[in-house]
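The block underneath contains the structure these notes are about, expressed in structure tokens.
The values are calculated or read from the model by the stated rules, or taken from the named source; none is laboratory data. The model shown is predicted, which means the values in this text are computed figures rather than measured ones. Heads up, the Cβs are rebuilt from the backbone with ideal geometry, glycines too, and the neighbour counts pull from every protein chain shown. Quick note on the areas: whole protein, heavy atoms, side chains included, nothing else; ligands and nucleic acids left out. Shrake-Rupley method; radii C 1.70, N 1.55, O 1.52, S 1.80 Å.
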Amino acid sequence: MARILTVAFIVLLLLAGAAGVFIYSGAYDIGADTPHTRFVSGMLDDLRDHSIARGAGGVAVPRDLNDPRRVAAGAGLYAEMCTGCHLGPGIEPTELSQGLYPQAPELARGDDLSPAEQFWTIKHGVKLSAMPAWGKTHSDDLIWEMVAFIRQMPKLSPDQYKKLVASAPESHEEMMEHGNAH
């Protein structure tokens with residue numbers, strides 16, 4: 001039994017050493033213009049999906065999520081803070097959105113996240129994806145306004161999107177005040 005444990009320890013030590021050499025050699029291309037291997041991409045996707053689901057597990061969704069005022073305020077925040085990466089109805093890809101890897105989801109096409117998962121993602125961000133943690137600078141109410149809008153956006157035409165954004169508070173300061181008034 002002691003011999004098996006010794007061999008197992010040596011194998012683990014060799015694997016750790018090989019991993020260290022691989023990491024410190026810089027052999028893995030970390031450039032954003034070269035996609036991950038299928039294995040790495042799958043592993044990272046699973047890690048992200050399971051982490052978001054776990055993090056969102058205790059998040060309570062507000063009853064007024066579909067309130068038109070909340071949706072309109074969220075439209076203004078989204079237009080100001082999110083369109084560079086996530087685009088919107090009628091918005092062409094930007095230099096920023098084209099250079100991201102992984103690509104940011106085009107939220108006007110919808111996604112498969114629950115409202116709680118969307119909230120958690122916006123509040124906490126996603127490491128190594130360029131998705132910031134907006135919860136550091138924005139209240140939960142403001143984040144729920146963004147979620148309210150994102151959930152309605154796939155139903156909007158480009159003209160409806162423009163009108164909804166135009167109906168939002170005009171300045172970022174007004175948006176911030178509005179979100180703190182809930």
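A few remarks follow.
- Enumeration of residues in segment 22-57 that are at pLDDT 90 or above and of a type in the set (A, V, I, L, M): Val40, Met43, Leu44, Leu47, Ile52, Ala53, Ala56
- Cβ-Cβ under 6 Å pairs, at least 6 apart or on other chains, segment 139-159 side of a type outside the set (A, V, I, L, M, F, W, C), far side open to solvent by 40 Å² or more (accessible area, probe 1.4 Å): Ser139/Asn180; Asp141/His182; Pro158/Gly90
- Residue within segment 37-53 that is assigned to a loop (DSSP other than H, G, I, E, B) and either farther than 30 Å from Tyr161 by Cβ or open to solvent by 60 Å² or more (accessible area, probe 1.4 Å) (or both) present: yes
- Which numbered condition Glu106 fails, given (1) in contact with a Pro (Cβ under 8 Å, 6 or more places away or on another chain); (2) crowded, with 16+ Cβ neighbours inside 10 Å; (3) without any contact (Cβ under 8 Å) to a residue 60 or more places away in the chain: (1)
- Meets criteria (within 20 Å of Glu117 (Cβ to Cβ), free of Cβ contacts under 8 Å to residues at least 12 places away in the same chain and surrounded by fewer than 12 Cβ atoms within 10 Å (Cβ to Cβ)) for Arg3: no
- Residue in segment 59-76 that is surrounded by 10 or more Cβ atoms within 10 Å (Cβ to Cβ), more than 16 Å from the chain's Cα centre (by Cα), of a type in the set (D, E, K, R) and not in a loop (DSSP other than H, G, I, E, B) present: yes
- On inspection, Leu128 does not qualify as assigned to a loop (DSSP other than H, G, I, E, B), modelled with pLDDT of 95 or more and under 19 Å from the mean Cα position of the chain (by Cα).
- Residue check for Glu80: more than 17 Å from Pro115 (Cβ to Cβ) and modelled with pLDDT under 95: yes
- Scanning segment 21-33 for residues that are assigned to a loop (DSSP other than H, G, I, E, B) and surrounded by fewer than 10 Cβ atoms within 10 Å (Cβ to Cβ) yields Gly26, Ala27, Ile30, Gly31, Asp33.
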